[in-house]
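One structure below.
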């Protein structure tokens, strides 16, 4: 993969990375959809974009931006939906109890057509707050994060966040930590969104900084490899690659309440 954006060559210093990021332009925006529910993130199946809020979801037709379905949950049961992903006929969402501690989380399954809640898989108490669930290569990929301040637990901070690979039954198979360069840029929070590219790179977003961290699994060891820092117009929260438009990434603008589609094809050399 040829990467433009901010490239990380062997021996590059963190200071050099910062300078490059400041000089680069964000990926061009190709579509905006007004969505009052655009507070936590977005998912997409190529025809529809799904706005994610703490305890509500909405489905928007990409072609004309019309809202075609919505769901409102009980905030006492659904306190903090962080992100969702479309898998077959279902919208699968990562639910946490943020900002409560100790951390607890679950996977919540919704009918992607109607947004009716179908079922739940509880992880119980978790080591970290569940922010991401993605399906890639026949596995679930979950992100459990720690925070330095609100929602954090004593003795842990954002550097102890991790990516966990799980089988179809949510049994853990392996785990990786995030690279120090990306963690430093996401502090005092951690990964709020993550979505796999079709060719096996993991795009990660933080809580509020307008950039995407492109990561890959390491050949050995337990630390993910930082491939590039890609500027984006929007700031953090959950993201999703559009499966019908290669190289295009959905994100949200919390301030403008919009679902935003950015074109990373040039940055990725596609």
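Being surrounded by fewer than 15 Cβ atoms within 10 Å (Cβ to Cβ) and farther than 24 Å from residue 38 by Cβ is a description that does not apply to residue 181.
Of the candidates 65, 105, 128, the single residue that is on the phi > 0 side of the Ramachandran plot, at pLDDT 95 or above, crowded, with 21+ Cβ neighbours inside 10 Å and in contact with a strand residue (DSSP E or B) (Cβ under 6 Å, 6 or more places away or on another chain) is 128. Number of residues in region 224-260 that are under 19 Å from residue 188 (Cα atoms) and without any contact (Cβ under 8 Å) to a residue 60 or more places away in the chain: the value is 3. Once region 108-125 is narrowed to residues that are part of a loop (DSSP other than H, G, I, E, B) and at negative phi, the residue that is surrounded by the fewest Cβ atoms within 10 Å (Cβ to Cβ) is 116.
Scan (1) under 17 Å from residue 115 (Cα atoms); (2) at pLDDT below 95 for the single condition residue 77 breaks and write down its number. Going through the list (1) under 17 Å from residue 115 (Cα atoms); (2) at pLDDT below 95, residue 77 breaks only (2). Among the residues of region 204-217, is there at least one that is closer than 15 Å to residue 32 by Cα, at pLDDT below 95 and in a loop (DSSP other than H, G, I, E, B)? Within region 204-217, not a single residue is closer than 15 Å to residue 32 by Cα, at pLDDT below 95 and in a loop (DSSP other than H, G, I, E, B). Close contacts from region 153-172, counting a first residue that is without any contact (Cβ under 8 Å) to a residue 40 or more places away in the chain and a second that is loosely packed, with under 12 Cβ neighbours inside 10 Å and in a loop (DSSP other than H, G, I, E, B), with Cβ to Cβ under 8 Å and a gap of 6+ residues or different chains, come to 168/138. Can residue 173 be described as more than 22 Å from residue 243 (Cα to Cα) and either under 16 Å from the mean Cα position of the chain (by Cα) or buried (at least 18 other Cβ atoms within 10 Å of the Cβ) (or both)? It is false that residue 173 is more than 22 Å from residue 243 (Cα to Cα) and either under 16 Å from the mean Cα position of the chain (by Cα) or buried (at least 18 other Cβ atoms within 10 Å of the Cβ) (or both). Looking only at residues of region 224-252 that are part of a strand (DSSP E or B) and under 14 Å from the mean Cα position of the chain (by Cα), we find that the one that is surrounded by the fewest Cβ atoms within 10 Å (Cβ to Cβ) is 241.
Checking each residue in region 142-174 for being part of a strand (DSSP E or B) and either closer than 24 Å to residue 99 by Cβ or at pLDDT below 95 (or both) picks out 142, 143, 144, 145, 162, 163, 164.
The values are calculated or read from the model by the stated rules, or taken from the named source; none is laboratory data. Note that the coordinates shown come from a computational prediction; the quantities given were computed from them, not determined experimentally. Using ideal geometry, Cβ is built from the backbone for each residue, glycine included, and neighbour counts are taken over all protein chains shown.
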